[in-house]
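The values are calculated or read from the model by the stated rules, or taken from the named source; none is laboratory data. These figures come from a predicted structure and were not determined experimentally. With ideal geometry, Cβ positions are generated from the backbone for all residues, glycine too; neighbour counts draw on all protein chains shown. Keep in mind that these areas ignore ligands, DNA and RNA; they rest on the heavy atoms of the full protein, side chains included. Shrake-Rupley method; radii C 1.70, N 1.55, O 1.52, S 1.80 Å.
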Amino acid sequence: MATERKPPRGTRKRDVPLTTDGIYAMALQLIDADGVEALTMRKLATALDANPMSLYHHVPNKDAVLRGVAHRVGSQFSAGQREDVPWQDQLRELARDFRELSYRHPKLMGYSFTRPDYVQPEDPFWQALIDILAAAKLPEEEIPRVAATLVGVFTGLLLGELNGALQRWATLPPAPSGPDGEAAPPPSKDVLDTMFNSALDAAVAGVENHVARVREGA
């Protein structure tokens, strides 16, 4: 009995049309599963049931796909910003929301944090941070520098969490060893939460001190 031959890949009728946004969505699924390094245009085409060459009608290369995926994720960032609370609490909430986003897509965010262009002026995170610093009564010319410093603090800390460096540092001497002298165990999630909140408190205090110095010099 003859078996039915399937049409060549990329010629079968698809349930979802091949679009740029569809390419980004599938690329994100593959990155979440296997990481950025494992993503190739051929694997992406296979997952989309498409001829690899057809992808290039929508995106020029893998770097463009990664930029698109990062922008797609960043545009979905939503801080639960409340104007009826002090700016200090708004900043804490913004940082915690950003941390949650990082843990939803750790492989993508770990890659993005190493790139200087991953924050763009139109990103919701950056816009929210600018608004919070304006609410702190920082002079307009000071806001970009303070915002850049805070982004560096947040992303550096989160990158350390995502790649395991922070967990390892927390076990280095003089961390207490076990009863038989074995190395200290990695910190629990509750301990990591406390460490993040401590760094966040220090960042808030740093902004408060900066605002006070600016006012003294006015």
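Worth a mention:
- Residue pairs meeting the criteria (Cβ under 7 Å; at least 6 apart or on separate chains; first farther than 15 Å from Thr19 by Cα, in segment 59-74; second of a type in the set (Gly, Ala, Ser)): Ala70/Ser112
- Selection count, segment 152-209, where residues are within 19 Å of the chain's Cα centre (by Cα), of a type in the set (S, T, N, Q) and either in a loop (DSSP other than H, G, I, E, B) or exposed (fewer than 14 other Cβ atoms within 10 Å of the Cβ) (or both): 2
- Taken over segment 85-114, residues that are in contact (Cβ under 8 Å) with a residue 24 or more places away in the chain and either open to solvent by less than 70 Å² (accessible area, probe 1.4 Å) or not in a helix (DSSP H, G or I) (or both) amount to 20.
- Pair list, Cβ < 7 Å and 6+ apart or interchain, from segment 182-197 residues that are of a type in the set (A, V, I, L, M) to residues that are open to solvent by 90 Å² or more (accessible area, probe 1.4 Å) and not in a helix (DSSP H, G or I): Ala184/Pro176
- Meets criteria (part of a loop (DSSP other than H, G, I, E, B) and among the β-branched types (Val, Ile, Thr)) for Thr149: no
- Residue that is least open to solvent (accessible area, probe 1.4 Å) [pool: residues in segment 35-64 that are closer than 25 Å to Arg104 by Cβ and of a type in the set (Asp, Glu)]: Asp63
- Search result, residues across segment 165-212 that are among the β-branched types (Val, Ile, Thr) and at positive phi: none
- Test: residue in segment 52-63 that is under 18 Å from the mean Cα position of the chain (by Cα) and in a helix (DSSP H, G or I): yes
- Annotation note: of Leu138, Leu133, the sole residue that is part of a loop (DSSP other than H, G, I, E, B) and in contact (Cβ under 8 Å) with a residue 60 or more places away in the chain is Leu138.
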